[in-house]
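Take a look at the structure below.
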Amino acid sequence: MLQNMRMKPMSLIFLFTISLHFHSLQIHGLPIAPALYVFGDSLFDSGNNNFLPTVCKADYLPYGVNFVKGVTGRFTNGRTVADFIAEFLELPYPPPYMSIRGSNTALKGLNYASGSCGILPETGSQFGKCLNLKDQTDLFQRTVKSDLPGQFQNPHDLLHYLSKSIFLFSIGSNDFINNYLYTKAFDTSQRYSPQQFAQLLMDALANHLERMYNLGARKIVTFEIGPLGCIPSIAKTHNHSGNCVEDTNELATIFNENLRVTLANLTTTFQGSFFVLGRANWIGYDAITSPVKYGLIDGSNPCCSTWADGTSECIPLLAPCLEPKNYFFWDAFHLTESVSSVIATGCFNGSTVCTPLNIKQLVEM
């Protein structure tokens with residue numbers, strides 16, 4: 001499961017320590033990129049699901065217990081990977097698209113991510129309405145065509161702005177968790193082999209990324225899906241040896257290998273584009289199986305008290321563990337702020353998380 005490339009443990013602890021020195025409020029300086037646009041699922045959702053008719057919401061404590069703005073709809077205790085990257089770019093946290101009023105809000109970026117949704121339109125539909133990747137791309141098209149033009153003197157300036165902005169994607173996990181593996185509602189796993197399903201997802205993802213390019217995006221970072229067989233909602237409900245259900249992890253491996261090839265092909269195909277791979281899977285697996293290397297104590301259990309004996313969302317208003325920074329998992333699905341910090345810092349200025357460029361290098365291109 002683990003890939004060959006490894007970061008030295010002391011380097012990872014150093015990255016984690018440095019990243020925590022960033023104040024939880026945004027740094028007020030000159031941004032090093034004009035905007036940050038965020039797409040994906042609950043790993044990046046900053047509050048869009050608060051405005052949608054769905055049971056998948058994080059609009060209550062203890063979610064946000066360590067976040068400077070409190071409860072916002074983020075599915076974690078504090079900042080997400082996207083939040084840390086916004087800080088590193090010296091940009092404000094991109095507000096959830098569903099909360100905005102007025103076109104000037106979009107100028108420094110927006111967050112379109114939506115919990116429980118995925119690449120396929122049907123993924124997550126059993127829980128209510130969410131913004132699938134087509135919905136998110138459609139909303140970004142509305143931003144580009146309707147909201148942003150009035151902020152620029154001419155179309156050339158708008159295209160230049162978009163070409164220098166950073167675009168983050170983290171999506172695909174729910175297409176397995178809430179679709180392929182959710183046999184109570186879907187027969188997808190009977191109709192597609194793992195390889196066929198991964199290719200189905202990749203074809204759809206590539207089409208949406210091509211739309212993003214045609215709308216003006218040039219610098220796109222897409223994160224792998226994590227080790228699905230290690231998340232408590234799966235690891236605690238299946239018989240297995242070791243920390244994780246390795247058969248389920250193999251589904252993520254197949255998807256991620258296809259993602260690597262797809263992003264390389266897109267960069268070659270589309271002139272002036274940079275499609276960067278965020279290698280979140282190996283670092284997640286390594287931290288779960290060897291938490292001490294990352295300054296963690298627990299790589300298997302949720303920090304917050306959850307329904308169904310540690311296999312679901314946080315129970316409203318119940319106090320979480322005393323030290324979330326010591327845990328990999330916040331609830332049965334999502335990372336703690338500490339883990340997001342390590343991934344974001346490695347992607348921003350490291351050499352083994354985001355490839356072939358880190359975000360700091362990407363900004364300079």
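The values are calculated or read from the model by the stated rules, or taken from the named source; none is laboratory data. Fair warning: this is a prediction, and the values are worked out from it, not measured in the lab. Every residue, glycine as well, gets a Cβ built from its backbone with ideal geometry; the counts of neighbours run over all protein chains shown. Calculation scope for accessible area: heavy atoms of the full protein, side chains included, ligands and nucleic acids excluded. Shrake-Rupley method; radii C 1.70, N 1.55, O 1.52, S 1.80 Å.
Beyond 30 Å between alpha-carbons counts as too far, so tell me which of Lys184/Lys236; Lys134/Lys164; Lys69/Lys360; Lys134/Lys236 fall in that bin. The answer is Lys134/Lys236. Ile315 contributes about 30 Å² of solvent-accessible surface, heavy atoms of the protein only, 1.4 Å probe.
With every protein chain present, what is the per residue accessible area of the stretch 116-364 (1.4 Å probe, Å²)?
Computed with neighbouring chains in place, this is 40 Å² per residue.
In the chain, helices alone account for a calculated mean residue ellipticity at 222 nm of -10500 deg cm²/dmol, with every DSSP H run of four or more residues adding -39,500 (n - 2.57). Rolled with a 1.4 Å probe across the full set of protein chains, the surface gives Thr253 an accessible area near 50 Å².
The 3J(HN,Hα) values that the Karplus relation (6.51, -1.76, 1.60; θ = phi - 60°) gives for the stretch 60-66 are, in residue order, 8, 5, x, 4, x, 4, 10 Hz. Gly and Pro appear as x. Residues with beta-carbon under 14 Å from that of Pro291, excluding Pro291: net charge, scoring Lys, Arg +1 and Asp, Glu -1? With Lys, Arg at +1 and Asp, Glu at -1, the neighbours total -1. With springs connecting C-alpha atoms under 10 Å apart, model the chain as a Gaussian network and identify which of Ile100, Ile119, Ile220 has the largest mean-square fluctuation. Fluctuation is largest for Ile100. Under 13 Å from the Cβ of Leu91, count the other residues' Cβ atoms, weight Lys and Arg +1, Asp and Glu -1, and hand me the total. Neighbourhood net charge equals -1. Using 0.36 nm per residue and subtracting the Cα-Cα separation, the extra length available between Asn207 and Thr183 on full extension is 6.0 nm. Rounded to the nearest 0.05, the FRET efficiency derived from the C-beta distance between Asp157 and Ala264 at R0 = 25 Å is 0.20.
For the chain, the list of Cys residues with no other Cys C-beta under 4.7 Å reads Cys56. Dividing the mean sequence gap of close Cα pairs (under 8 Å, 6+ apart) by how many residues the stretch 168-225 holds gives a relative contact order of 62 percent. Look at the alpha carbon pairs under 8 Å that are at least 6 residues apart: their mean separation over the length of the stretch 299-342 gives a relative contact order of 40 percent.
Averaging the sequence gap over all C-alpha pairs within less than 8 Å and six or more residues apart, then dividing by the number of residues, gives the chain a relative contact order of 19 percent.
Check each of the chymotrypsin sites (Phe, Trp or Tyr not before Pro) in the stretch 163-256 and keep only those in coil by DSSP with at most 15 other C-beta atoms within 10 angstrom; list them in order.
Here the sparse-neighbourhood loop sites are Tyr192.
Mind checking which of Arg218, Arg279, Arg191 has the largest fluctuation in a GNM of the chain, springs on alpha carbons under 10 Å? Between Arg218, Arg279, Arg191, it is Arg191 that shows the largest mean-square fluctuation. Expressed as a whole percent, the accessible area of the stretch 116-364 that falls on carbon and sulfur atoms is 51 (1.4 Å probe). The residues neighbouring Pro227, those whose beta-carbon lies less than 15 Å from its own, together hold a net charge of -4 under the Lys/Arg +1, Asp/Glu -1 convention.
The phi-based Karplus calculation (6.51 cos²θ - 1.76 cosθ + 1.60; θ = phi - 60°) puts the 3J(HN,Hα) values of the stretch 311-326 at 10, 9, 7, 5, 6, x, 6, 6, 5, x, 4, 6, 10, x, 5, 8 Hz, whole numbers, x for Gly and Pro.
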